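Here the structure comes first, spelled out in structure tokens, and everything after it is commentary.
The values are calculated or read from the model by the stated rules, or taken from the named source; none is laboratory data. This one's a predicted model, so the numbers in the text were calculated from it and none came from an experiment. Cβ coordinates were reconstructed from backbone atoms using ideal geometry, including for glycine residues, and neighbour counts include every protein chain displayed. All accessible areas refer to the heavy atoms of the entire protein, side chains included, with ligands and DNA or RNA removed. Shrake-Rupley method; radii C 1.70, N 1.55, O 1.52, S 1.80 Å.
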Amino acid sequence: MEEKDFDQFHYHPQINKNIDGIVLVPKKNKANTQAIKIKEAAKVAFQKVKPTNKTLSIGISLSLIFLFSILPIRILESGSNMNAKAKEGFDKLGDVYQSIQNNDYKKAKSDLLIISKNIKEINDELDDVGQKNIVLPRFSIINDSSINDERFFEIVLSLSKIGNDLIDDLNFAENIKVSAPDNNENGAQLFLYLNKINRDLKSTGNDFNALKLNVSKIDDEKLNDKEKGYLALIKQNMVGLENYYDSAITLTNNAASLVGKDYDRKYLILFQNNTEIRATGGFIGTYGVLTIRDGGIKNIFVDSVYNPDGQISKKIEPPEPLKRITKNWTMRDANWYPDFPTSAKNISNFYEMEGGFTPDGIIAFDTKTFTDLLEITGPIKLARYDVEINKDNFVSITQFKTSIDYDLSQNNPKKFLSDFAPLLLEKLSSLNKENQQKVMAVLTNNILEKHIQFYSAVEDIQNAFVNLDIAGKIKDSNGKDYFAYIDSNIGGFKTNDKIKESLTHTIEIDRDGFPIHEVQITRKHEGSYEWPSGTNYAYMRFYLPKGSSVLAVEDFNKNSNINTEVKDPDIYEENDKTVIGMWQIINPGEEVILKIKYKSSAKISSSSYNLLIQKQAGIISQETTINLNYKNKNYQENFNLVQDKEVVVNLE
């Protein structure tokens, strides 16, 4: 990297006024960040079916097919033949969800064909008798003759056709096995499947455009608020579906390049230890280089991050909180920002400065992915170390073997992980079909819960990652309320798996419509002073809507060395958010209750209150309680935060 390349790095003067640079401010995310509430949408339209979120783009597409299809099906109450067809379609709906849940795509396709056939026959019957415009308004859940009910059927027909065209592609993962290095028996088959999916997606283009056109032309002038809510839900999901559709085409267009057809692709792999939590998932003590060629794994290299970090000649001043542990900023601490694309750019730049290549992409994992995979594979024996790794001891043994119990003469503390990685892949590649499907489900869930994140320097591919919500990006809340709590363990040992946390939001709406939040965080340290546990030093950041103001803080610390209550927290702007930063120190056996009170800038302008809560990558779960008091309305919701969550409260 040349000297001029340092011009790309920025930093906030509120935290560090002296530094010349490290990436901070990414391009504004223009992608739709509204959580697509498929489960909630389904509850509005029908109570019988409880969809799951085990697939990404195609799964959401199918959920939307069912959502749209059931609107006219469920309300058809007369006409014996039509009613019978509608009832059969409704009954099959639950079967389709269950079949997808069980990976039985053949049965899902069969049931979906029945639904599609019945809807089409109802439509044809009404056409035959010339009564569609007379009959449909009587049956519609939106009882207004101004609604063009034919468009609902056109929407249903388009979605049904798209669903039938794509249902076969749902079993893509079922036909691809995980291969060990140098065993690329599935490469050619992989390219055939990827090409088929790309062709299938493109073949639905006309139907998809017709679908968007029909949705946009539904007349909502005479709808009441409730009816407008239904239509808004449809349009809202259409935006999300379009993002997924476009992203799927982009990724399949670039699939051959991504998986190294005819040449090597090299990806930087980050192993983030979430027992020492950092903004994007955990401390990067270990990194790897994954080489892909012709759709298979050619090689895996695993190394200690301290090796490349020792090669950097340029001294870069770290963000102020990191100065507690280092005077120089290097790759191991480069995941400082919770916006993974920003941190990934930093990591790539540091790796190049330290003598590495320019990676084709970056993939970050934390420990949960490995423990979940080990639950499927069962124990793995490492004979040379006389140890057996399983889901329960993976974290403790790998920490011990890579930090304490290694050959000092070789100075290769990460050799244990280097030896473990190919054994894990070999075990995965030998699994039967049923367990291979479980592996794909585990990987999907880990992606959804931000234990796996992806970054590409190629703009189109990165935009697709963002649209698919697998990029770990700080989201735009689109004018709605927003909250993200980010914990960074700065020299606080491997303690985060020993600390139990719960959050309570108490929200009042002031007379001008602005939410006043009091957030209480309860932290209990259940560890000890024995390694790898100890005192936890946490620099905590709260990401709020831009322009929000702090009203009070309680039981936070001024900094990591002076145990006095903070009066002037760090306040700055980042990723179009206002950020509040403070320290909190907790010793083994202690329990502390922290409070921050602030006024959100997200003024309520409708009859509902919406709060988007983004979960920090690497966090397994956080017990969360929402208490909202507004006029005579008291709302409470309790949940474990395992994914990003949107809380919606009707204020009427």
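Within the set of pairs 6 or more residues apart or between chains, which connect a residue that is within 14 Å of Ile452 (Cβ to Cβ) inside the range 469-481 to a residue that is outside any loop (DSSP other than H, G, I, E, B) and of a type in the set (Ser, Thr, Tyr) with Cβ atoms less than 7 Å apart?
From the range 469-481, the pairs are Ala471/Tyr455.
Restricting attention to the range 243-286, report how many residues are within 30 Å of Pro319 (Cα to Cα) and part of a loop (DSSP other than H, G, I, E, B). Break it down into steps so the answer makes sense when it comes.
Narrowing the range 243-286 to residues within 30 Å of Pro319 (Cα to Cα): 266-286.
Filter once more, keeping what is part of a loop (DSSP other than H, G, I, E, B): 274-282.
Adding up the residues that qualify gives 9.
Which of the residues that make up the range 623-646 are touching a Phe, Trp or Tyr at 6+ places or on another chain (Cβ under 8 Å) and buried (at least 17 other Cβ atoms within 10 Å of the Cβ)?
Of everything in the range 623-646, those that are touching a Phe, Trp or Tyr at 6+ places or on another chain (Cβ under 8 Å) and buried (at least 17 other Cβ atoms within 10 Å of the Cβ) turn out to be Thr624, Ile626, Leu628, Lys645.
Name the pairs: first residue in the range 399-415 and under 24 Å from Asn274 (Cα atoms) and in contact (Cβ under 8 Å) with a residue 40 or more places away in the chain, second residue open to solvent by less than 90 Å² (accessible area, probe 1.4 Å) and part of a helix (DSSP H, G or I), Cβ to Cβ under 6 Å, at least 6 apart or on different chains?
Listed pairs, sorted by first residue: Thr402/Phe416; Pro413/Thr402; Lys414/Thr402.
Can Gly547 be described as modelled with pLDDT of 95 or more and within 28 Å of Gln399 (Cβ to Cβ)? Quick ask: steps written out before the conclusion?
Details: modelled with pLDDT of 95 or more: yes; within 28 Å of Gln399 (Cβ to Cβ): no.
When the stated conditions are applied, Gly547 does not pass them.
Tell me, which strands (runs of 3 or more DSSP E) wholly within the range 349-456 include 3 or more residues that are touching a strand residue (DSSP E or B) at 6+ places or on another chain (Cβ under 9 Å) and open to solvent by less than 20 Å² (accessible area, probe 1.4 Å)?
Details: elements: 361-366, 380-382, 387-389, 452-455.
By residue number, 361-366.
Could you list all residues from the range 585-601 that are closer than 12 Å to His525 by Cα and surrounded by 20 or more Cβ atoms within 10 Å (Cβ to Cβ)?
Across the range 585-601, the qualifying residue is only Ile586.
Which residue pairs have Cβ atoms under 6 Å apart, sit 6 or more places apart or on different chains, and have a first residue in the range 594-621 that is at pLDDT 95 or above and a second that is of a type in the set (Ser, Thr, Tyr) and buried (at least 19 other Cβ atoms within 10 Å of the Cβ)?
Every condition considered, the pairs that remain are Tyr598/Ser548; Ser600/Ser548; Ser601/Ser548; Leu612/Ser477; Leu612/Tyr482; Ala617/Thr280.
Given (1) under 20 Å from Asp469 (Cα atoms); (2) open to solvent by less than 10 Å² (accessible area, probe 1.4 Å); (3) at pLDDT 85 or above; (4) among the polar types (S, T, N, Q), identify the lone condition not met by Thr275.
Condition (1) is where Thr275 drops out.
I'd like to check which strands (runs of 3 or more DSSP E) are fully inside the range 490-576 and have at least 1 residues that are of a type outside the set (Val, Ile, Thr), open to solvent by less than 20 Å² (accessible area, probe 1.4 Å) and touching a residue at least 60 places away in the same chain (Cβ under 8 Å).
Values: elements: 499-509, 515-525, 536-545, 549-554, 570-574.
Of the strands (runs of 3 or more DSSP E) lying wholly inside the range 490-576, those with at least 1 residues that are of a type outside the set (Val, Ile, Thr), open to solvent by less than 20 Å² (accessible area, probe 1.4 Å) and touching a residue at least 60 places away in the same chain (Cβ under 8 Å) span 499-509, 515-525, 536-545, 570-574.
Just need a number here: residues in the range 606-620 that are within 16 Å of Glu637 (Cα to Cα) and surrounded by fewer than 19 Cβ atoms within 10 Å (Cβ to Cβ).
Qualifying residue count for the region: 1.
Would a scan of the range 336-357 turn up a residue that is of a type outside the set (Phe, Trp, Tyr) and touching a His at 6+ places or on another chain (Cβ under 9 Å)? Give the derivation first.
If we filter the range 336-357 for residues that are of a type outside the set (Phe, Trp, Tyr), which is where we start, we get 338-339, 341-349, 352-356.
Applying the additional criterion that residues be touching a His at 6+ places or on another chain (Cβ under 9 Å) yields none.
Scanning the range 336-357 turns up no residue that is of a type outside the set (Phe, Trp, Tyr) and touching a His at 6+ places or on another chain (Cβ under 9 Å).
Suppose the filter is surrounded by 19 or more Cβ atoms within 10 Å (Cβ to Cβ), among the hydroxyl-bearing types (Ser, Thr, Tyr) and farther than 27 Å from Pro569 by Cα; does Ser477 pass it?
No.
In the list Gly282, Gly260, which residue meets the criterion of being at positive phi, in contact with a Ser or Thr (Cβ under 9 Å, 6 or more places away or on another chain) and crowded, with 23+ Cβ neighbours inside 10 Å?
Numbers: Gly260 fails: crowded, with 23+ Cβ neighbours inside 10 Å.
Exactly one residue qualifies, and that residue is Gly282.
Based on this model, can you work out whether Asn335 counts as assigned to a loop (DSSP other than H, G, I, E, B) and in contact with a Pro (Cβ under 8 Å, 6 or more places away or on another chain)? Working first, answer last.
Details: assigned to a loop (DSSP other than H, G, I, E, B): yes; in contact with a Pro (Cβ under 8 Å, 6 or more places away or on another chain): no.
Taking the combined requirement at face value, the residue does not satisfy it.
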